[in-house]
Amino acid sequence: MNLLDNLNPEQLAAVTLPSQSALILAGAGSGKTRVLTTRIAWLIQTGQVSPAGIMAVTFTNKAAKEMLTRLSSMLPVNTRGMWIGTFHGLCNRLLRTHHRDAALPQTFQILDSQDQLSMIKRMLKALNVDDEKYPAKDLMYFINNAKDRGQRAGDVEAYDHVQKRMAELYDVYDQQCQREGVVDFAELLLRAYELLQRNHPLRQHYQMRFRHILVDEFQDTNDLQYNLLKLLAGHGEQRGGALFAVGDDDQSIYAFRGANVGNMQAFERDFEVKNLIKLEQNYRSHGNILDSANHLISNNAKRLGKNLRTDAGLGEPVRIYEASSDLEEAQWIIDEAKSLMAEGVSKSEIAVLYRSNAQSRVIEHALFAAGLPYTVYGGLRYFQRAEVKHAIAYLQLMDNPHNDSAFLRVVNFPTRGIGARSIEQLQMAAESYRVSLYAAVPYMTGKAGTALGNFVKLIESARFETQQLPLPEMVRVVLERSTLLAHYGNEKEGQERIENLQQMVGAATQFVQEEGFGTHAPAHLGPQAAAASGTAIVDGDGIDVLDADAPLATVMSPLSAFLAHASLEAGDAQAQAGQEAIQLMTVHSAKGLEFDAVFITGLEEGLFPHESSAREMDGVDEERRLMYVAITRARRRLYMSFTQQRMLHGQTRFNMKSRFFDELPEHALKWLTPRVQTNWFAGRKSTTAWDDATFREGGSDNHIAKQIAQKSTSGNGTGWRIGESVSHARFGEGVIVNIEGGAGSARAQINFGAAGMKVLDLSVAKLERIGR
DNA sequence: CGGGGCGTGGTTTTT
DNA sequence: CCACGCCCCG
């Protein structure tokens with residue numbers, strides 16, 4: 001049976017585990033996705049489960065798609081019967097199917113983060129809440145956090161009056177969402193969780209159905225996601241399928257958005273996991289790279305424990321470069337990239353990684369000046385573009401007119417004489433009648449009433465005209481009727497926007513085909529769908545509607561599905577110019593990717609590890625995991641760099657090199673610049689002394705910049721230079737951040753890291769030069 | 001209603 | 001430094 005060919009013993013063991021809960025600790029590059037997909041294929045091929053008995057959960061659409069693609073190449077099986085998708089995608093499906101039980105309209109719509117924020121702003125304004133004291137962003141964070149922990153407004157423990165008020169506002173927000181028939185991302189999961197918890201027959205149904213639940217990137221799950229999985233897997237209820245969790249605690253880098261690595265240990269304990277398999281054979285990187293990763297991550301406490309190994313040789317050493325400035329660092333990257341290309345490494349196999357997006361500019365500039373093509377990851381996604389969101393808003397109103405966010409977005413766009421004044425009146429009317437803006441329009445009188453009434457008529461007639469049309473046609477008509485195309489046609493720079501809008505017809509066509517709606521599916525639901533929706537299965541009439549071949553189509557209209565798709569899958573980032581380009585991205589977005597050659601840049605205290613990580617619990621550990629992720633992206637060549645001087649937020653900063661250099665194995669490294677010894681962090685677990693480690697030189701103005709330039713070129717007659725690394729008998733090692741006075745009476749300000757910032761008289765202090 | 005001017009704040013990101 | 005939000009003016 002060729003399915004299992006070429007698996008190593010651990011992979012084979014994982015793939016063929018009995019139907020019990022299992023935890024697979026899958027190191028970077030250990031064939032994690034392969035194990036997941038092969039297990040699904042094996043379970044089906046050996047007849048242990050039907051496709052409908054499989055649920056596989058991922059975090060990103062990309063991962064879900066990848067899984068589906070690989071699976072269909074392994075198995076001649078219709079993958080539609082399986083529930084493979086993101087947490088949010090699967091919850092969406094569940095809630096559409098049981099929308100009545102979940103107390104949602106079938107056409108409920110999903111707010112993206114942008115919509116959620118604007119809705120909260122609107123609410124705060126309407127309630128006359130002091131936005132200094134309760135910023136919309138804070139409240140949004142508060143609400144999402146509570147939901148991610150599974151808490152409703154009433155469950156939140158408020159310790160002070162601010163929290164108490166926020167909890168009240170959370171409640172108002174939820175009510176408003178309910179009125180509008182919209183849910184935010186976190187709500188999607190919380191609703192699904194509450195639905196299953198409340199409805200026993202329904203829960204039992206799904207517990208019996210999904211014999212195997214497989215979870216990817218388990219270390220990234222938040223509490224709510226874990227609880228949802230527990231519910232589905234029938235934890236504590238003696239039924240339900242086996243939970244197969246794949247993850248890597250060392251690659252947990254999303255604590256800041258609620259991910260809880262502790263879920264891995266919790267899972268082991270809660271499910272009494274007997275099958276723990278470690279995939280430690282790495283198929284990606286050469287030895288020196290892997291040694292570096294292993295050595296670094298061993299500095300973290302609280303690990304499940306894992307050491308990657310490779311059959312590949314040591315390969316090349318990890319190259320380390322100390323640049324004098326961010327500009328020079330960028331230049332060095334270009335020189336190295338050019339020589340890599342001369343060696344035959346393709347541009348798209350070269351990645352430049354950085355901790356924060358702000359670092360990309362200097363590198364982009366240098367690449368541009370050098371005429372090297374490059375791609376920056378993480379731009380605006382297709383469905384987030386303003387013009388596309390406008391078109392979507394029209395469609396949203398046609399499907400659910402009570403979506404106030406959509407209403408406000410386009411009620412006067414393109415302009416139709418409905419000003420702020422009219423909107424305000426409408427909002428007051430809606431407030432007093434406790435209805436949506438759309439529903440409040442009939443209460444409006446006078447000129448404003450007429451204009452608003454015409455807008456309503458536009459939406460209604462567009463709906464009426466298109467209800468028998470296939471989705472792509474519907475989109476085409478809406479683009480015309482909304483006059484969006486005409487509007488952008490009159491704009492100077494409108495051509496690109498028009499193209500984006502027209503792409504939506506194509507996106508709809510593709511969606512309809514891929515999701516199995518059939519191009520001629522009517523917008524309204526057929527009789528089969530009517531039977532399928534609601535609570536048919538709990539009536540026990542023997543119909544398992546969820547095994548239908550195209551569940552999405554039986555449960556929601558093409559339009560509703562397309563709108564959900566637009567919210568849940570923001571689409572590709574900006575059309576990347578040319579495939580053959582050097583790849584620029586943050587370390588976070590590099591997770592899951594691999595390249596022949598990788599540059600990890602800006603390895604300086606305060607940047608990487610980032611200064612704000614010191615404030616958070618286990619923050620530096622998370623930064624270290626981030627560094628671990630960065631290192632393990634490289635196949636053959638790995639470069640690391642740091643600078644003595646960097647421009648950030650309009651200020652020149654002098655940072656010490658990252659403590660992570662002290663955590664790498666000497667034998668695997670090659671210092672391209674003279675070695676600077678710093679070990680003031682050695683043996684220290686963490687520090688809160690960030691201000692000691694980072695010195696900001698105020699100097700956006702040229703005069704000061706020149707001074708610094710002069711001082712840092714040894715042209716000051718002291719023999720010392722700003723940015724230079726020195727060693728002191730008592731204070732240890734540090735970096736000169738400023739020099740004052742002339743030769744003979746000069747004093748230097750030196751950042752001794754943990755020992756603090758000192759000003760020393762250069763004629764008295766015994767300083768030793770380190771490195772160059 | 002749109003644009004220019006001013007003020008502020010500025011990890012990481014997916015859904 | 002620079003991007004974004006807000007406010008005021010034409």
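Each reported figure results from applying straightforward, stated rules to the coordinates on display, with no laboratory input. Quick caveat, the model's predicted, so the values are computed rather than measured. For neighbour counting, all protein chains shown are included, and Cβ atoms are generated from backbone atoms with ideal geometry for every residue, glycine included.
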Margin query: Cross-link candidates for A:K447: which lysines have Cα within less than 16 Å, leaving aside residues fewer than 8 places away along the same chain?
Written below: A:K457
Next item on the list: Over all alpha-carbon pairs in chain A, figure out the percentage whose distance exceeds 52 Å.
Entry: 20
Check: Of A:K591/A:K657; A:K121/A:K389; A:K670/A:K766, which pairs sit farther than 21 Å apart, going by alpha carbon to alpha carbon?
Finding: A:K591/A:K657; A:K670/A:K766
Note to self: Taking the 0 to 90 degree range and rounding to the nearest ten, how far is the long axis of helix A:185-198 tilted relative to the main principal axis of chain A, both from C-alpha atoms?
What the structure shows: 60
Next item on the list: Set the Förster radius R0 to 45 Å, insert the Cβ-Cβ distance between A:L276 and A:Q163 as r into 1/(1 + (r/R0)^6), and round the FRET efficiency to 0.05.
Entry: 0.70
Note to self: Counting only helical runs of four or more DSSP H residues, what would the 222 nm mean residue ellipticity of chain A come to if each run contributes -39,500 (n - 2.57) and the total is spread over all its residues?
What the structure shows: -13000 deg cm²/dmol
Next item on the list: Any chance you could give the angle, 0 to 90 degrees and rounded to 10, that helix A:702-711 forms with the longest Cα principal axis of chain A?
Entry: 40
Check: Pairing the Cα long axis of helix A:287-297 with the longest principal axis of chain A, what angle in degrees results, from 0 to 90 and rounded to the nearest 10?
Finding: 80
Check: Once phi is turned into ³J(HN,Hα) by the Karplus curve 6.51 cos²θ - 1.76 cosθ + 1.60 with θ = phi - 60°, what whole-Hz value does each residue of region A:33-46 show in order, with x for glycine and proline?
Finding: 5, 5, 4, 4, 5, 5, 5, 4, 4, 5, 4, 6, 5, 7
Notebook entry, point to check: DSSP beta bridges in chain A, what fraction antiparallel, as a percent rounded to 5?
Noted result: 35
Next item on the list: With an 8 Å cut-off on Cα pairs and a minimum separation of 6 or more residues, tell me the relative contact order of chain A in percent.
Entry: 15
Check: Quick one: Karplus J couplings for region A:612-621, per residue in order, coefficients 6.51, -1.76, 1.60, θ = phi - 60°, nearest Hz, x for Gly and Pro?
Finding: 6, 6, 5, 7, 8, 4, 6, x, 5, 4
Notebook entry, point to check: Looking at this model, which pairs from A:K65/A:K302; A:K278/A:K302; A:K32/A:K147 are more than 21 angstrom apart at the alpha-carbon?
Noted result: A:K65/A:K302; A:K32/A:K147
Next item on the list: Would you tally the net charge around A:T450, using a Cβ to Cβ cut-off of less than 15 Å, leaving A:T450 out, and scoring K and R as +1, D and E as -1?
Entry: +4
Notebook entry, point to check: Which lysines, on any chain, are close to A:K347 with Cα under 18 Å apart, when same-chain ones fewer than 8 places away are left out?
Noted result: A:K338
Next item on the list: Calculate the spin-label point distance for A:Q114 paired with A:D335, positioning each point 7 Å from the Cα along the beta-carbon direction, and give it in nanometres.
Entry: 4.3
